Amino acid sequence: MILVTGATGNVGRNLVRELLDAGEKVRALTRDPATCNLPDGVETVAGDLTRPETLATALQGVDRAFLFPVHGALDAFLAGAKEAGTQHIVLLSSDSVTFPEPGWIGEQHLACEQAVADSGMSWTFVRPTVFMANDLGWAHQLRNDGTVRGAYGGGAMAPVDERDIAAVAAHALLAPDPGKTYELTGPQALSQIDRVRIIGETLGLPARFEEVPREAVRQRLLNHMPPPAVDFLLDQLAASRATPTPVLPTIEQVTGRPAHTYAEWVTHHAADFNGGQQTGPRVHSA
Ligand SMILES: NC(=O)c1ccc[n+]([C@@H]2O[C@H](COP(=O)([O-])OP(=O)(O)OC[C@H]3O[C@@H](n4cnc5c(N)ncnc54)[C@H](OP(=O)(O)O)[C@@H]3O)[C@@H](O)[C@H]2O)c1
């Protein structure tokens, strides 16, 4: 039995699908089974990683687990998993752990990695760069007036499709290679300006990027993230103007197929950008 925590998240939902398609017995952990909307064939159990007393049922008979990095809350889960006979943990981490200055986000993930490494079970760390899924946060801005407002629009990162992260995590669960770390990027370094343009071209929507001061973006992000995380992300964006994120071949090496491009990701999420309405891609005349 494979337990997937974070099963309702961007990565976890795709991972559940990959594992079911591979014929595995899958159990999904969620804090709210009533609304989780997971596919038929997955066993759904209620549990909260910050409340160890809720985890015993989820861990029964689990030999491998995908672990979502709820910061500071993994020790009890790991102790329970070891006691239940779990042998291998695949941790969702972050490429920020590899940075010379990992910043607040990297430090949190390093602590999660250390907890897993200390658990006595074997492990694989999956370290993605920024998710393409973060750009779903632009959908409401584009629907409002076709304009995404942000800072450091020319800085180029190599965002990764959540389906590819899930595919690598599935590989790490199906063919465990203890002690392996996978650093993942998408197939292209793209600035925010590039990505907004690709959304517009792919979906046939008006879409432009407008540069706004860092402080305005910072105030907006503080509604969603703690200050050190916001500052770290903005610093990363600023730095990517001079040094674009390098593109890594890991996804193709592991899965045997190319990583999804940004345009493919946009097509997959057309309904999210269109507010639930499917529209066709723009047809360019010669
Ligand atoms: N976004 C990026 O650019 C980026 C880059 C590198 C690494 N990462 C890592 O990836 C994570 C985001 O992954 P994602 O986008 O797949 O997730 P997501 O869509 O943000 O979903 C969060 C998931 O975590 C689960 N969860 C949250 N708190 C929980 C708790 N206390 N107990 C049990 N489950 C809990 C939620 O489950 P329920 O609500 O169903 O309980 C949900 O499945 C980040 O937190 C970060 O660690 C992100």
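A 1.4 Å probe run over the protein chains yields, for region 181-230, 49 Å² of accessible area per residue, whole-number rounding.
For the chain, the relative contact order is 17 percent, taking Cα pairs closer than 8 Å that sit 6 or more residues apart in sequence and dividing their mean separation by the residue count. With distances taken between every two different alpha-carbon atoms, region 166-226 has a Kirkwood hydrodynamic radius of 15.6 Å. For region 1-64, a crude dipole built from +1 on the beta carbon of Lys and Arg and -1 on the beta carbon of Asp and Glu, taken about the Cα centre, is about 100 debye to the nearest 20. In a reduced charge model with +1 at each Lys and Arg Cβ and -1 at each Asp and Glu Cβ, the chain shows a dipole moment near 500 debye about its Cα centre. Here the Debye sum runs over all C-alpha atoms of region 185-284 as equal scatterers in vacuum, and log10 of I(q)/I(0) at q = 0.10, 0.13, 0.19 Å⁻¹ comes out as -0.38, -0.65, -1.15. Taking 7 Å steps out from each Cα toward its Cβ at Asp48 and Ala239 produces label points 3.5 nm apart.
Ordered by 1.4 Å accessible area with all protein chains kept, Thr245, Thr44 run largest first as Thr44, Thr245.
Highest mean packing comes first when the peptides 189-201, 46-58 are listed by Cβ atoms within 10 Å, giving 189-201, 46-58.
Rolling a 1.4 Å probe over the protein heavy atoms of the chain, with every protein chain left in place, gives an accessible area that is 51 percent carbon and sulfur. Among the protein heavy atoms, those of Leu110 account for about 60 Å² of accessible surface (1.4 Å probe, every chain in place).
Since only Pro100, Asn144, Val254 are under comparison, the one whose Cα sits farthest along the positive direction of the charge dipole of the chain, derived from C-beta charges on Lys, Arg, Asp and Glu, is Asn144. Overall shape of the chain was characterised from the C-alpha gyration tensor. The equivalent ellipsoid obtained from it has semi-axes of 33, 22, 18 Å, in decreasing order. Considering all different alpha carbon pairs of region 38-165, the Kirkwood hydrodynamic radius works out to 16.9 Å. Counted by Cβ distance under 14 Å from Ile2, the other residues give a net charge of -1, where Lys and Arg count +1 and Asp and Glu count -1. Taken along the Cα-to-beta-carbon direction at a fixed 7 Å, the label points for Met1 and Ala229 span 3.1 nm. Here is how the number arises for the chain: DSSP H runs of 4 or more residues each give -39500 (n - 2.57), the sum is divided by the residue count, and the result at 222 nm is -11500 deg cm²/dmol.
The values are calculated or read from the model by the stated rules, or taken from the named source; none is laboratory data. Here the structure is a predicted model, which is why all the values come from computation and not from measurement. So basically every Cβ, Gly included, is an ideal-geometry build from the backbone, and we count neighbours across all protein chains shown. For the accessible areas, the whole protein counts, side chains as well, though only heavy atoms, and no ligand, DNA or RNA atoms are used. Shrake-Rupley method; radii C 1.70, N 1.55, O 1.52, S 1.80 Å.
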